[in-house]
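Data first, discussion second: the structure below is written as structure tokens.
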Amino acid sequence: MMNIAKGKKMLSEQGLNMLAILGADMLPTDFNTVVQKADIRLQDYTSLILIGHSGNMMWRRLHEQADKGRDPVDEFSVFYAKLFVEKYLDGCAYVVLYPGELPIPLQQLGELAGWQHRSPLGLGINKVSGPWFGYRAALLVGIKLPAMVDLPGESPCEQCADKPCITTCPANALSASRLPNVSACVDYRLQKRSPCAQQCIARLACPVGSEFRYCDEQINYFYGRSLDSIKAHLAE
């Protein structure tokens with residue numbers, strides 16, 4: 001029997017405490033284009049499920065498991081996303097889009113879900129948890145579900161006069177009026193003994209949602225992987 005409420009509770013107990021459901025008619029053109037190029041028949045699916053997390057609970061739950069796998073965060077997220085569909089949505093047809101190889105426009109989906117506003121960081125910012133949240137899974141399902149989105153409200157950045165994310169960025173890569181200077185950010189992170197190699201000084205300076213700040217181990221994990229990806233790309 002379908003029970004979204006119980007499934008949401010199960011996810012939340014694993015630290016996957018953000019859940020949104022979008023109807024197929026709500027999905028942006030960029031998303032539809034990506035999916036169609038992957039030969040996925042959109043007409044077979046009627047809803048999209050977006051799963052995310054904020055804070056540290058997911059990290060704690062992940063580390064309680066003995067077998068963490070090669071890509072522990074992704075594997076953990078996919079396991080519970082599949083469990084949500086298979087156990088609490090009557091085992092309906094589904095396809096996991098993210099994590100994966102497809103360039104899913106997560107931030108666009110997050111804006112539609114009411115999860116985020118744009119910020120100088122280039123990351124989305126949530127009205128409650130600030131920059132300390134992440135997208136963990138996106139699935140198309142072949143069952144019509146009621147839409148479930150948050151009311152986004154006003155961007156926290158609009159009320160932030162000091163903009164410490166901009167003023168503390170050691171690479172001078174951020175601005176309130178333009179997208180981040182990715183090249184400046186990358187060059188600074190690649191410097192020897194860069195303080196931004198395993199963290200983002202600007203993100204840490206954001207005053208919004210400070211109680212949701214990731215633990216140091218979690219921060220180092222995500223930024224360490226992103227730095228490895230940068231180095232691998234430059235080596236190609």
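Read-outs throughout are calculated quantities, based only on the coordinates presented, and are distinct from any laboratory measurement. If you're wondering where the values come from, they're calculated on a predicted model, not measured in any experiment. We place every Cβ from the backbone using ideal geometry, glycine too, and count neighbours over all the protein chains shown.
The table for this structure:
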| quantity | calculated |
| --- | --- |
| Residues Asp39, Asp187, Asp162, sorted so that the one with the fewest Cβ neighbours within 10 Å comes first | Asp39, Asp162, Asp187 |
| Lys, Arg +1 and Asp, Glu -1 on Cβ, resulting dipole of region 4-141 about Cα centre, debye, nearest 20 | 420 |
| Using θ = phi - 60° and Karplus 6.51 cos²θ - 1.76 cosθ + 1.60, couplings along region 211-226 (whole Hz; Gly, Pro as x) | 6, 9, 3, 5, 5, 4, 4, 5, 4, 4, 4, 5, 6, x, 5, 5 |
| Among Tyr135, Leu121, Cys169 the positive-end extreme of the charge dipole of region 77-236 (Cβ point charges) | Cys169 |
| 5 angstrom amide H check on Trp132, placed H, neighbours 5+ away | Asn126 |
| Viscosity 1.306 mPa s, 10 °C: Kirkwood-radius Stokes-Einstein D of the chain over Cα pairs, µm²/s | 84 |
| Cα gyration tensor category, rounded, prolate or oblate, for region 156-235 with a/c compared to 1.5 | oblate |
| Dipole in debye (nearest 20) - the chain, about Cα centre, beta carbon charges: Lys, Arg +1; Asp, Glu -1 | 320 |
| Listed pairs Lys37/Lys144; Lys82/Lys127; Lys8/Lys87; Lys8/Lys127; Lys37/Lys87 exceeding 18 Å between Cα atoms | Lys37/Lys144; Lys82/Lys127; Lys8/Lys127; Lys37/Lys87 |
| Total formal charge among the other residues, if their Cβ is under 14 angstrom from that of Lys82, Lys/Arg +1 and Asp/Glu -1 | -2 |
| 5 angstrom amide H check on Ser119, placed H, neighbours 5+ away | Ile125 |
| Lys192 paired with Lys231, simple spin-label distance in nm, labels 7 Å along Cα-to-beta-carbon | 1.5 |
| Within a Gaussian network of the chain (alpha carbon springs, distance under 10 Å), most fluctuating of Thr168, Thr46, Thr29 | Thr29 |
| Neighbour-count ranking [beta-carbon atoms within 10 angstrom, fewest first] of Lys192, Lys231 | Lys192, Lys231 |
| Contact order normalised by residue count of the chain, Cα under 8 Å, 6+ apart, percent | 23 |
| Relative contact order (%) - region 156-235, alpha-carbon pairs under 8 angstrom, separation at least six | 28 |
